[in-house]
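> Just dropping this structure here.
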Amino acid sequence: MELGEDTAESVDFKVAEVKPVRLSLHLIQKRHINDAQHKSQEEIVQALNKITHLRLDRENIGQIDNLELLGDKVTNVYLQKNKIQVIQNLECLKNLTFLTLADNQISQVEGLTHLNKLLLLDLSNNFIHHFQIDEFPESVMILNLKENPCTKLPDYRGGLIQDLEKLQILDEEEVTTTEKREAGFVVSSDEEEEEEEGGIIPSFTDGDSISTCTSRILMHSKARADENLKTHLEHTTELDNYREKFDLPMSSRAQTPSVNK
């Protein structure tokens, strides 16, 4: 039977929404283990234990689960663009340093306090209206909460900077020395010079560049430690030269570090 124009307009052509799925071993195998159906259970377990970067973005995941078999090697987890509502079941990922849950349906910050090695947390584009600062790991250096209602809270940025002492980037913007001072931190002259030179940390927009950003922060920290050691050695050498020139006795507490050339 042919529908008339009026009848056709009244028909509701709704596309059925796909029900979210639980994060499963099947999903992990599909994304990370080639030809899993032809591998033994032991081979699959061995392959799971080798995963360091877990990529499960855009998989219609509604619940985080079944991560126990991944082991301690997992450092990066990509779960952006899913339908996750609750942050949970991440306790087994003890060495996690990078976690992105952007573009989900999360309304509460929770289930993260045990991740004491986490450096980067991306919760942008969710439904977070309020949060308890204690729910963020103290180790976090890069935090992204853009496109959440909580960013409109009074003194949102200042409060986070004050309570998360290691924070260096918030919502894709570097934490300035002025903001650190306003939060009550003592700012060194080295930090001021770095900011005047344009900073060391670029902005980011997606998972890969965020990872690069984290690597640069870690590289910078090591470079600063190396530079501090170099300065210390130079200063110690200078003092030793003065001591020898003026025939001064060496303090019993002074120890000059040796450097292998």
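> Run the numbers for PHE127 and ARG55: contour at 0.36 nm per residue of separation, minus the present Cα-Cα distance, in nm. Present the calculation step by step, with values, prior to reporting the outcome.
Details: separation 72, 0.36 × 72 = 25.92 nm, distance 2.24 nm.
Full-extension gain reported as 23.7 nm.
> While we're here: What net charge is computed for the residues neighbouring THR113, neighbours being all others with C-beta under 14 Å from the C-beta of THR113, Lys and Arg scored +1, Asp and Glu -1?
Values: positive: LYS94, LYS117; negative: GLU91, GLU110, ASP134, GLU135, GLU138, ASP163.
The answer is -4.
> Hey, with R₀ at 25 Å, roughly what FRET efficiency would ASN89 and GLU173 work out to, going by the Cβ-Cβ distance, to 0.05?
Values: r = 31 Å, r/R0 = 1.26.
That gives a FRET efficiency of 0.20.
> Using modelled amide H (1.01 Å from N, peptide plane; none on Pro or chain starts), what sits under 5 Å from the amide H of GLN88, excluding residues fewer than 5 places away?
For GLN88, whose amide H was placed from the backbone, the distant partners under 5 Å are ILE64.
Each reported figure results from applying straightforward, stated rules to the coordinates on display, with no laboratory input. Every value quoted in this text rests on a predicted model; they were computed, and no experiment measured them. Methodologically, a virtual Cβ is constructed for each residue, glycine included, from the backbone with ideal geometry; neighbour enumeration extends over all protein chains shown.
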